[in-house]
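Q: Questions regarding the structure given below will be posed in turn.
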Ligand code: ASP
């Protein structure tokens, strides 16, 4: 059996980090498929190569700015290339320079070159074959085409050892197309699935998943296991663990993910499984996270409960204006839709509200701004007696007002709506009340 291991940008930021990551690869024969990100930040001030590429593309007509940005990319890759004697990095960079300057350059292609060059170089260093993601990863209408990708992937030779660039594939017109930022995690899942791996190891610069972001809660506890559903909830609600779409290629497979720290390989990490195998009382809650910048659109209408098709009419207007709804809550005579502010910034919000008003003949529509949503994610939360009491006690102690709360019967989360400025305090209070109390 084989393992796919994906290394993030920090684990591959310079020759020293690449050496360390490659030692990990070599330490286990089963690590046959290596997916790589572009070089990330080397230190506090430095930039990710992907950001430099993006800036180069944006400034390709401004010779002075372009040259200084490209020089930074060049220096990064030439330093990395010291690992593999004879690797033609200077030539590769000349080609890249011309490609970015070319009138046909497209932004996704340029963005993908960090992964491309890193993978080529690391393949040479490891003595693995370079396998370009364009040979099997396909997009259709901007989204991953998993069916086509798996079909092409099945034709690949499984006997070989590959280094594969993360983050991109080909669209239906034969152009390079990238996932959204951080998308190499998705490539890792695809590769694990294509090669029927026993495990997908995702190597980053943290020891695993923490109940709360350690930047907010010092000494936050690491979680041993999380389920696919929990991971999805936590990523969706702002925990920057893995890319939010990482699990999609793995839903119909038994392949688990193991999150590990390449700078601390002996640390246990966090397992991400279809279903958790251990749920001790102490480990019921896997994450407390949240995000600012939500608006709640509240629609009020008398006798709403008697009106058939009301929700359908309202959501049709959201759909027409391409506004994605994050959450909904309903009451007897009102309905609330929570949307991320970024969803409606580009549209004429007033026209949208007017149309909503007329199409459903509402008594009142009110937008509540400056809302943060906080999620408590865990196993079978709706079946735990006293969970909400603990939440409210913890928040009352810190004078945090809950504007809205939602707990569905089957989901593994409880969502709270609070005032934006209180997000970090709320996470700290919940951690203290729900986790520290159990330690
Ligand atoms: N290099 C890309 C980024 O910085 C993709 C990735 O690392 O996953 O977002």
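The values are calculated or read from the model by the stated rules, or taken from the named source; none is laboratory data. In this text the structure is predicted, and so the values were computed from the model without any measurement. All Cβ positions, glycine included, derive from the backbone under ideal geometry; neighbour counts span all protein chains shown.
Q: Among the residues of segment 335-360, what is the count of those that are touching a residue at least 60 places away in the same chain (Cβ under 8 Å) and more than 30 Å from the chain's Cα centre (by Cα)? Don't jump to the end; show me each part of the working.
A: Here is the first cut: in segment 335-360, the ones touching a residue at least 60 places away in the same chain (Cβ under 8 Å) are 336, 338, 360.
Next cut, more than 30 Å from the chain's Cα centre (by Cα) only: 360.
Qualifying residue count, segment 335-360: 1.
Q: Another question about this same structure. Being within 22 Å of residue 1 (Cβ to Cβ) and either within 15 Å of the ligand (Cβ to nearest atom) or in a strand (DSSP E or B) (or both) is the filter here; which residues of segment 138-165 pass it?
A: 162, 163, 164
Q: Could you identify the single residue in 15, 21, 37 that is more than 10 Å from the ligand (Cβ to nearest atom) and closer than 22 Å to residue 168 by Cα?
A: Numbers: 15 fails: closer than 22 Å to residue 168 by Cα; 37 fails: more than 10 Å from the ligand (Cβ to nearest atom).
Answer to the selection: 21.
Q: Among the residues of segment 53-60, is any farther than 22 Å from residue 205 by Cβ, away from the ligand (no atom under 16 Å from the Cβ) and surrounded by fewer than 16 Cβ atoms within 10 Å (Cβ to Cβ)? Give the derivation first.
A: We begin by selecting, within segment 53-60, every residue farther than 22 Å from residue 205 by Cβ; these are 55-60.
Applying the additional criterion that residues be away from the ligand (no atom under 16 Å from the Cβ) yields 59-60.
Retained after the next criterion (residues that are surrounded by fewer than 16 Cβ atoms within 10 Å (Cβ to Cβ)): none.
No: segment 53-60 contains no residue that is farther than 22 Å from residue 205 by Cβ, away from the ligand (no atom under 16 Å from the Cβ) and surrounded by fewer than 16 Cβ atoms within 10 Å (Cβ to Cβ).
Q: In the set 269, 309, which member is touching a residue at least 40 places away in the same chain (Cβ under 8 Å) and at positive phi?
A: The match here is 269.
Q: Continuing with the same structure: Go through (1) within 22 Å of residue 168 (Cα to Cα); (2) touching a residue at least 60 places away in the same chain (Cβ under 8 Å) one by one and return the number of the condition residue 82 breaks.
A: (1)
Q: A further question follows. Pick from segment 264-273 the residues that are in a loop (DSSP other than H, G, I, E, B) and touching a strand residue (DSSP E or B) at 6+ places or on another chain (Cβ under 9 Å): which of them is farthest from residue 1 (Cα to Cα)? Spell out how you get there, then give the answer.
A: Step one: filter segment 264-273 for residues in a loop (DSSP other than H, G, I, E, B), giving 264-269.
Next, from what is left, pick out any that are touching a strand residue (DSSP E or B) at 6+ places or on another chain (Cβ under 9 Å): 265, 267-269.
Details: 265: 21, 267: 23, 268: 21, 269: 21 Å.
Checking each candidate, the answer is 267.
Q: What do you reckon, is residue 74 farther than 29 Å from residue 160 by Cα and within 13 Å of the ligand (Cβ to nearest atom)? Steps first, answer last, please.
A: Working: farther than 29 Å from residue 160 by Cα: yes; within 13 Å of the ligand (Cβ to nearest atom): no.
The answer is no for residue 74.
Q: Is it the case that residue 35 is part of a strand (DSSP E or B) and either on the phi < 0 side of the Ramachandran plot or touching a strand residue (DSSP E or B) at 6+ places or on another chain (Cβ under 8 Å) (or both)? First the steps, then the outcome.
A: Details: part of a strand (DSSP E or B): yes; either on the phi < 0 side of the Ramachandran plot or touching a strand residue (DSSP E or B) at 6+ places or on another chain (Cβ under 8 Å) (or both): yes.
It is true that residue 35 is part of a strand (DSSP E or B) and either on the phi < 0 side of the Ramachandran plot or touching a strand residue (DSSP E or B) at 6+ places or on another chain (Cβ under 8 Å) (or both).
Q: Next question, about the same structure. Does residue 214 fit the bill of being surrounded by fewer than 22 Cβ atoms within 10 Å (Cβ to Cβ) and within 21 Å of the chain's Cα centre (by Cα)?
A: Numbers: surrounded by fewer than 22 Cβ atoms within 10 Å (Cβ to Cβ): yes; within 21 Å of the chain's Cα centre (by Cα): yes.
Yes.
Q: Only one of these is within 16 Å of the ligand (Cβ to nearest atom) and either crowded, with 24+ Cβ neighbours inside 10 Å or at pLDDT 95 or above (or both): 255, 190. Name it. Steps first, answer last, please.
A: On the way: 255 fails: within 16 Å of the ligand (Cβ to nearest atom).
From the options 255, 190, the qualifying one is 190.
Q: Let me ask something else. Could you list, in sequence order, the residues of segment 274-284 that are closer than 17 Å to residue 254 by Cβ and either out of contact with any helix residue (DSSP H, G or I) (no Cβ under 9 Å at 6 or more places or on another chain) or assigned to a helix (DSSP H, G or I) (or both)? Working first, answer last.
A: Step one: filter segment 274-284 for residues closer than 17 Å to residue 254 by Cβ, giving 274-277.
Within segment 274-284, 277 is the sole residue that qualifies.
Q: How do the pairs read when you match residues in segment 98-127 that are without any contact (Cβ under 8 Å) to a residue 60 or more places away in the chain with residues anywhere that are in a loop (DSSP other than H, G, I, E, B) and within 15 Å of the ligand (Cβ to nearest atom), using Cβ under 7 Å and keeping only pairs 6 or more apart or on different chains?
A: Final answer for the pair search is none.
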